[in-house]
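The next block holds one structure in the form of structure tokens; read it before the comments.
The values are calculated or read from the model by the stated rules, or taken from the named source; none is laboratory data. What you are looking at is a predicted structure, and each value in this text was computed from that prediction instead of being measured. Positions of Cβ are backbone-derived with ideal geometry, glycine not excepted, and every protein chain shown enters the neighbour counts.
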Amino acid sequence: MMKIIVLGSAAGGGYPQWNCNCRNCDGLRRGAIRSRARTQSSIAISANGSDWLLVNASPDILAQIRATPALQPARAARDSGIAAVLLMDAQVDHTTGLMMLREGRPIPLYCSAPVWQDLQGGYPLAKVLGHYCGVQWRELAVARGEPCSFAVPQLEGIRFTAVPLDSKAPPYSPHREQPQPGDNIGLLAHDLLTGKKLFYAPGLGAVAPLTAAAMREADCLLVDGTFWTEDEMMAQGFSGKPAAAMGHLPQSGAGGMMEVLDGLPASRKILIHINNTNPILDEDSPQHAIMRGRGIELAYDGMEILL
């Protein structure tokens, strides 16, 4: 049986964000709203409960490992349950945690060619890690804009498919304004024993046909819940950019994530990568009630999913 642990469920900056006094962050600190603190988004997937694929390495990875005993099985003097790392993109909040894993063996790293290019150039983490543990790159070949199936040796019984998504490359990427297939991927994980499938996409700007097909296959969807509205950051005075310009599909409105999820057969529909400004974080808010009324869950740190 495939097991998924949500290590972190917030967007970049976490929740509460260190320098933010929006209604949510201030309310959580003061205990004035019913909500949960969250670290930056990442999940772990396992077939046997001992060997795990870390999907995105957030800046909060050390705290997430401490909070997740399964990631430290203590089989040797130095050990880790993290068998390999997979990156969905090259964003800071999904890659910086690699630096915290530098004391171990070379890191088997699964990512697309555009992400690897960014980690060599605009944000050269791979080069820096070469002076420590080193990185063993495993290419996810989605450069032609087609899905790529692959296996991770320590996760026998799970077949993975990388699906190129419509989204944005990081600001430091040379193709920020000229998207390439593989800048951002979704991940379909298929347990060959149970037949169950998970689709994970914490960054999703639009639902293209390939994405829609993967989402229809899934028994569990764990997808982008960053913003409630297209103008959320603008309305609160935190940014001059709408959600689409940052590579995210908001939940509400025509064609929004809730509308997309309404038409899909998955038995579980879960939002992850929640920005600190999103009103659904307040569990007594009308927006949270609307979300739950449509059968949609909100991911939280430590959430476990069995498929």
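Would you mind stating whether ALA141 is outside any loop (DSSP other than H, G, I, E, B) and either under 25 Å from SER46 (Cβ atoms) or not β-branched (Val, Ile, Thr) (or both)?
Answer is no for this residue.
Looking only at the range 55-86, which residues are over 17 Å from the mean Cα position of the chain (by Cα) and within 27 Å of ASP26 (Cα to Cα)?
Once the filter is applied, which keeps residues that are over 17 Å from the mean Cα position of the chain (by Cα) and within 27 Å of ASP26 (Cα to Cα), the range 55-86 yields ARG66, ALA67.
Any idea which residue in the range 72-90 is modelled with the highest pLDDT, counting only those that are in contact with a Ser or Thr (Cβ under 7 Å, 6 or more places away or on another chain) and among the hydrophobic types (A, V, I, L, M, F, W, C)?
LEU87
Quick one: which strands (runs of 3 or more DSSP E) sit completely within the range 32-110 and have at least 3 residues that are closer than 20 Å to ALA299 by Cα?
Correct list: 42-46, 52-55.
Test of understanding: among GLY205, GLY237, which residue is out of contact with any Gly (no Cβ under 8 Å at 6 or more places or on another chain) and either within 21 Å of GLY27 (Cβ to Cβ) or surrounded by 14 or more Cβ atoms within 10 Å (Cβ to Cβ) (or both)?
Result: GLY237 is the single residue among GLY205, GLY237 that is out of contact with any Gly (no Cβ under 8 Å at 6 or more places or on another chain) and either within 21 Å of GLY27 (Cβ to Cβ) or surrounded by 14 or more Cβ atoms within 10 Å (Cβ to Cβ) (or both).
Where residues in the range 144-169 are surrounded by fewer than 23 Cβ atoms within 10 Å (Cβ to Cβ), at pLDDT below 90 and assigned to a loop (DSSP other than H, G, I, E, B), which of them is farthest from the chain's Cα centre (by Cα)?
In this case the residue turns out to be ARG144.
Give all pairs with beta carbons closer than 7 Å in which a residue from the range 92-113 that is closer than 18 Å to SER41 by Cα meets a residue that is of a type in the set (D, E, K, R) and surrounded by fewer than 24 Cβ atoms within 10 Å (Cβ to Cβ); count only pairs at least 6 apart in sequence or on separate chains.
LEU109/ARG138; TYR110/ARG138
Looking at (1) surrounded by fewer than 16 Cβ atoms within 10 Å (Cβ to Cβ); (2) within 22 Å of GLY81 (Cβ to Cβ); (3) in contact with a helix residue (DSSP H, G or I) (Cβ under 8 Å, 6 or more places away or on another chain), find the lone condition where VAL135 falls short.
With respect to (1) surrounded by fewer than 16 Cβ atoms within 10 Å (Cβ to Cβ); (2) within 22 Å of GLY81 (Cβ to Cβ); (3) in contact with a helix residue (DSSP H, G or I) (Cβ under 8 Å, 6 or more places away or on another chain), VAL135 is out only on (1).
Of all the residues that make up the range 1-54, how many are polar (S, T, N, Q), closer than 23 Å to LEU187 by Cα, within 19 Å of the chain's Cα centre (by Cα) and surrounded by fewer than 23 Cβ atoms within 10 Å (Cβ to Cβ)?
Result for the range 1-54: 2.
Can you find even one residue in the range 179-201 that is modelled with pLDDT under 95, within 20 Å of the chain's Cα centre (by Cα) and more than 30 Å from MET258 (Cβ to Cβ)?
No, the range 179-201 contains no residue that is modelled with pLDDT under 95, within 20 Å of the chain's Cα centre (by Cα) and more than 30 Å from MET258 (Cβ to Cβ).
How many of the residues making up the range 182-198 are in contact with a Gly (Cβ under 6 Å, 6 or more places away or on another chain) and either part of a strand (DSSP E or B) or surrounded by 21 or more Cβ atoms within 10 Å (Cβ to Cβ) (or both)? Let's see the steps before the verdict.
Restricting attention to the range 182-198, the residues satisfying the condition of being in contact with a Gly (Cβ under 6 Å, 6 or more places away or on another chain) are 184, 192-193.
Right, trim to either part of a strand (DSSP E or B) or surrounded by 21 or more Cβ atoms within 10 Å (Cβ to Cβ) (or both) and you get 184.
Number satisfying all stated conditions: 1.
Please go through the range 202-227 and pick out each residue that is over 16 Å from ILE296 (Cα atoms) and over 14 Å from the mean Cα position of the chain (by Cα).
ALA206, VAL207, ALA208, PRO209, LEU210, THR211, ALA212, ALA213, ALA214, GLU217
Would you be able to tell me the number of residues in the range 36-77 that are basic (Lys, Arg) and touching an Asp or Glu at 6+ places or on another chain (Cβ under 8 Å)?
Summing the residues that are basic (Lys, Arg) and touching an Asp or Glu at 6+ places or on another chain (Cβ under 8 Å) in the range 36-77 gives 2.
To keep it simple, each residue is scored yes or no on (1) under 21 Å from GLY12 (Cα atoms); (2) surrounded by 21 or more Cβ atoms within 10 Å (Cβ to Cβ).
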{"site": "ALA70", "(1), (2)": "no, no"}
{"site": "ARG78", "(1), (2)": "no, no"}
{"site": "GLY81", "(1), (2)": "no, yes"}
{"site": "ASP89", "(1), (2)": "yes, yes"}
{"site": "HIS94", "(1), (2)": "yes, yes"}
{"site": "GLY97", "(1), (2)": "yes, yes"}
{"site": "MET100", "(1), (2)": "yes, no"}
{"site": "GLY104", "(1), (2)": "no, no"}
{"site": "ALA113", "(1), (2)": "no, no"}
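Somewhere in the range 253-264, is a residue among the small types (Gly, Ala, Ser) and crowded, with 22+ Cβ neighbours inside 10 Å?
no
Taking interchain pairs and intrachain pairs at least six residues apart, which have beta carbon atoms under 9 angstrom, with the first residue in the range 221-237 and within 18 Å of GLU259 (Cβ to Cβ) and the second buried (at least 21 other Cβ atoms within 10 Å of the Cβ) and among the acidic types (Asp, Glu)?
Pairs found: THR226/GLU232.
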